[in-house]
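Presented below is the structure to which this report refers.
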Amino acid sequence: MSAIAAPDAFDVPDDLVADSPAEARGLARDEVRLLVASKSTGRLVDTTFRLLPDFVAPGDVLVVNTSATVPAAVGTADGRVVHFSTQLPDSNGEQWVVELRTPCGAGTLPDRAARAGDRVVLEGGGALELVREFPDGGPPRLWVATLHLDRPVLQHLARAGRPIRYGCTKSTWPIDAYQTAFSIDPGSAEMPSAARGFTPELVTHLVANGVSIAPITLHTGVSSQEAHEPPYAEWYRVPAPTAERVNAAHAAGRAVIAVGTTATRALETVVDTDGRVRAGEGWTDLVVTPQRGVRTVDGLLTGWHEPQASHLQLLEAVAGRELLDVSYAAALELGYRWHEFGDLHLISPK
């Protein structure tokens with residue numbers, strides 16, 4: 001699988017990197033900033049996430065990811081770290097995609113010395129064996145590994161793991177900092193962070209205004225900052241009631257707004273060519289690009305992504321190139337903050 005071209009590169013200044021949760025900065029979760037970009041007019045509004053109900057109309061549907069983040073980073077006996085990403089399809093849980101990383105200053109870097117056949121002893125017991133590079137022909141960063149554990153993987157991670165963090169996060173935060181208001185199904189290696197700003201009070205406000213909240217589940221894999229490969233296969237579920245709400249909203253002329261690229265990927269996996277969504281679950285390898293376009297997602301709530309990240313192609317498919325470029329230029333000029341603890345971006349269909 002080859003890398004995807006992305007919008008023109010840009011630089012994110014160090015002072016715009018959010019290395020701590022909003023709560024640690026004296027803010028409520030829903031007090032992060034929100035840039036609203038209108039697809040119909042091109043207008044930008046600089047506001048706060050708490051005012052999201054002002055930009056979502058009664059009858060619209062917000063599709064949210066219920067996947068909960070697991071403590072997917074486990075130390076090794078020789079001082080390295082393994083990031084558990086994604087269970088390999090059809091492996092009965094015995095093989096996972098993992099990333100092996102080595103310490104570097106305050107952070108870690110991919111272990112470029114790792115080779116197929118290496119046996120890695122894990123903290124908390126057990127080991128894994130590197131089988132082959134993932135995907136085939138990809139950069140030597142991710143690996144298919146056979147696990148040798150005396151308990152199920154999620155139980156081992158709960159006992160021995162910690163949240164994945166990169167150099168952009170200088171401090172250690174508890175796993176609760178990486179959960180959203182919708183986190184009920186453990187399985188994501190990294191937080192579906194577009195939903196982090198939601199609070200129970202904000203959800204209540206939206207529902208009271210007539211906005212529908214519809215769940216999907218998609219377990220995210222690792223998304224290291226050093227490489228910008230396209231997303232690989234991830235497990236998802238779109239339940240029948242969600243499919244029905246999405247179809248009913250469109251039939252009534254209302255908008256469907258995906259909360260995050262994960263919700264977009266799940267919905268676009270189960271949409272027919274005529275725009276009708278059906279229930280489904282399994283493994284999706286769909287890559288949403290401007291060329292493919294979107295068939296059911298009208299708007300998108302998302303964070304701010306790194307230059308050349310493949311997620312930008314999905315954003316362009318929803319927003320269009322011109323609006324995306326204008327939004328990112330404004331976010332940089334206005335001092336919006338990047339990464340999973342950062343500010344948010346609503347690509348509004350209105």
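Here's the yes/no breakdown for (1) at pLDDT 95 or above; (2) closer than 22 Å to Leu344 by Cβ; (3) among the hydroxyl-bearing types (Ser, Thr, Tyr):
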residue: Ala145; (1), (2), (3): yes, no, no
residue: Gly161; (1), (2), (3): yes, no, no
residue: Cys168; (1), (2), (3): no, yes, no
residue: Ser188; (1), (2), (3): yes, yes, yes
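Checked against the criterion of being out of contact with any helix residue (DSSP H, G or I) (no Cβ under 8 Å at 6 or more places or on another chain) and of a type in the set (Asp, Glu), the candidates Asp325, Asp343 yield just one match: Asp325. Return the residue satisfying two criteria in turn: it lies in the range 305-340 and is at pLDDT below 95 and in a loop (DSSP other than H, G, I, E, B), and of such residues it is nearest to the chain's Cα centre (by Cα). Only one residue tops the list, namely Glu340.
Selection of strands (runs of 3 or more DSSP E) fully inside the range 67-137 by the criterion of at least 2 residues being farther than 29 Å from Arg237 by Cβ, at pLDDT below 95 and not assigned by TED's automatic domain parsing to the domain that holds Pro186 returns 95-104, 107-110.
Restricting attention to the range 99-120, the residues that are in contact with a Leu (Cβ under 7 Å, 6 or more places away or on another chain) and surrounded by 15 or more Cβ atoms within 10 Å (Cβ to Cβ) total 7. If you check Val74, Val56, Val63 for being under 23 Å from the mean Cα position of the chain (by Cα), farther than 20 Å from Leu267 by Cβ and buried (at least 18 other Cβ atoms within 10 Å of the Cβ), only one passes: Val74. When each of Val294, Val246, Val222, Val256 is tested for being free of Cβ contacts under 8 Å to residues at least 60 places away in the same chain, assigned by TED's automatic domain parsing to the domain that holds Leu34 and buried (at least 19 other Cβ atoms within 10 Å of the Cβ), the lone residue that passes is Val294. Within the range 42-91, being of a type in the set (Ser, Thr, Tyr), without any contact (Cβ under 8 Å) to a residue 40 or more places away in the chain and closer than 18 Å to Trp143 by Cα holds for one residue alone: Ser91.
For the range 24-57, a residue qualifies if it is assigned to a helix (DSSP H, G or I) and at pLDDT 95 or above, and the qualifying residues are Arg29, Asp30, Glu31, Phe49, Arg50, Leu51, Leu52, Pro53, Asp54, Phe55. Looking across the range 249-301, the residues that are over 23 Å from Gly210 (Cβ atoms), among the small types (Gly, Ala, Ser) and in a strand (DSSP E or B) come down to Gly280, Gly282.
The values are calculated or read from the model by the stated rules, or taken from the named source; none is laboratory data. Fair warning: this is a prediction, and the values are worked out from it, not measured in the lab. In this analysis, Cβ positions are derived from the backbone assuming ideal geometry, glycine residues included, and neighbour counts consider all displayed protein chains.
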